[in-house]
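Encoded as structure tokens, the structure appears first; notes follow it.
The values are calculated or read from the model by the stated rules, or taken from the named source; none is laboratory data. Since we're looking at a predicted model, the values are computed, not measured. For neighbour counting, all protein chains shown are included, and Cβ atoms are generated from backbone atoms with ideal geometry for every residue, glycine included.
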Amino acid sequence: MKGKSTWLMLSVSALIFAVGGYFWLSPTQTEAVKKAMPVLNLAVQPVQKEFHYFEIESQSLVQPTVISHLAVEVAGSVQQVSLREGDFVRAGEVLLEINPLVYQAKLAAAKANLAAKRLAFLEAKATHEAAIEEHKHSHEKATPLGLKLPHFELAQAQLHAAEKTLTHAKYELKATKVIAPFDGLIMKRAVDQSEFVEAGEVLFELASLENAQVRLPVTQKELALLKIGHGTLVEPLQARLQWQNGSVVSTLPASVKKTLSAVSEDTQQTYLVIDIPTPYLFQQNDSVVSGVPFGQFVNATVRANEPYEVVKLPAKLLKRNQSVVTVAKNRLQITDVTVLHKDAETVFISDGLASEQWVSSVRVANPVPGTEVNLTNLAEVQSANAKSSRRQAL
């Protein structure tokens, strides 16, 4: 057992001495070692920079832009409610009616009260005018009480109050009906027939059919790829929506005009906002057709307006330390690069590669810098470089 340990220690020491000796070689000796290394046969491709417009993909639901919470303004029992969730309604259509008997009685009482107060006002006015005329023939000092002015002012105030009471009674009777303020889709109904409801109770959620909206969640990195910031965009981004109903796949061109940020205690989420005008349309026979309905799950592709200048390579060529194998003057190099974006197939490099370099077309398992390289596709690469030079000259 002791002999085996001694042998192992001697082997490790010899290995360390050999490796250390390599690094202590003189430059001439080092070059000699490199020349002694086997030549690596390697296929390469030229570094070609190009302008690339990034596209990002996201998914979300189509949502109404405006949802109105409709409340009843008077208390009472529900006399009529026939519309349900999912029903379409026209602007001005009656959604619900409260039993109007109490409010009809209030209106009748308000009318009678107004008539009485108008009569009292006319009597007080006549008395006041008579007192003024009588005082003209008197040498006594006129007083408000003597001129019957307080009685007149009281009658006048009571008349104004009666007029306001009548206006309020008319308003309450009108408010027994809950009316749709716009063409919409009933998203929620919170009442049934014959139920008693209180004033101010929300009974319907009505979504406007004028506009819909898609909010696409995106990352800060995706915003950078699209070259946009937060808020309203100076130039809208072109987008495409796609969804499927059964076996039918539909598409719709769209545009992103702004971004929104939603902040919670732990996170901040940014959304690209797409507006969809008139997602539903009423036809002449009051039937409804939809372009893209509320609640529909859609896939979206959004394209940048401005390109990046990048070098595109197969993703497999990128090493874990953000570098690639390159060839310059028939010697292998490991070049650090700046990766702008990477997907399953392609890596997009924004910095680190020069036009005079060649990039290995295949993955090199254990590359050693300085290894001599035999280019197996030299003629092909030179032809590609010549074509690229002619294009740049044009």
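Tabulated results
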quantity	calculated
Residue match in region 74-88 (condition: farther than 18 Å from Val202 by Cα and either hydrophobic (A, V, I, L, M, F, W, C) or touching a strand residue (DSSP E or B) at 6+ places or on another chain (Cβ under 8 Å) (or both))	yes
Of residues in region 251-272 being among the polar types (S, T, N, Q) and at pLDDT below 90, the one nearest to Thr301 (Cα to Cα)	Ser261
Among residues of region 321-359, those that are within 37 Å of the chain's Cα centre (by Cα), acidic (Asp, Glu) and modelled with pLDDT under 90, counted	0
Some residue of region 234-256 being part of a loop (DSSP other than H, G, I, E, B) and surrounded by 12 or more Cβ atoms within 10 Å (Cβ to Cβ)	no
Flag if Ala190 is touching a residue at least 24 places away in the same chain (Cβ under 8 Å) and over 14 Å from Val302 (Cα atoms)	no
Test result for Val368, touching a residue at least 24 places away in the same chain (Cβ under 8 Å) and in contact with a helix residue (DSSP H, G or I) (Cβ under 7 Å, 6 or more places away or on another chain)	no
Thr259 free of Cβ contacts under 8 Å to residues at least 60 places away in the same chain, among the polar types (S, T, N, Q) and in contact with a helix residue (DSSP H, G or I) (Cβ under 9 Å, 6 or more places away or on another chain)	yes
Residues satisfying the stated conditions in region 304-361, i.e. closer than 21 Å to Leu40 by Cβ, among the aliphatic types (A, V, I, L, M) and part of a strand (DSSP E or B)	Leu313, Val324, Val325, Val327, Ala328, Leu332, Ile334, Val359
Test: residue in region 304-316 that is over 30 Å from Glu356 (Cα atoms) and touching a Ser or Thr at 6+ places or on another chain (Cβ under 8 Å)	no
Set Phe196, Phe182: member being aromatic (Phe, Trp, Tyr), in contact with an Asp or Glu (Cβ under 8 Å, 6 or more places away or on another chain) and not assigned by TED's automatic domain parsing to the domain that holds Phe294	Phe182
Hits in region 275-312 (condition: surrounded by 15 or more Cβ atoms within 10 Å (Cβ to Cβ) and free of Cβ contacts under 8 Å to residues at least 40 places away in the same chain)	Ser290, Gly291
Given (1) assigned by TED's automatic domain parsing to the domain that holds Lys117; (2) assigned to a loop (DSSP other than H, G, I, E, B); (3) among the aliphatic types (A, V, I, L, M), index of the condition Ala161 fails	(2)
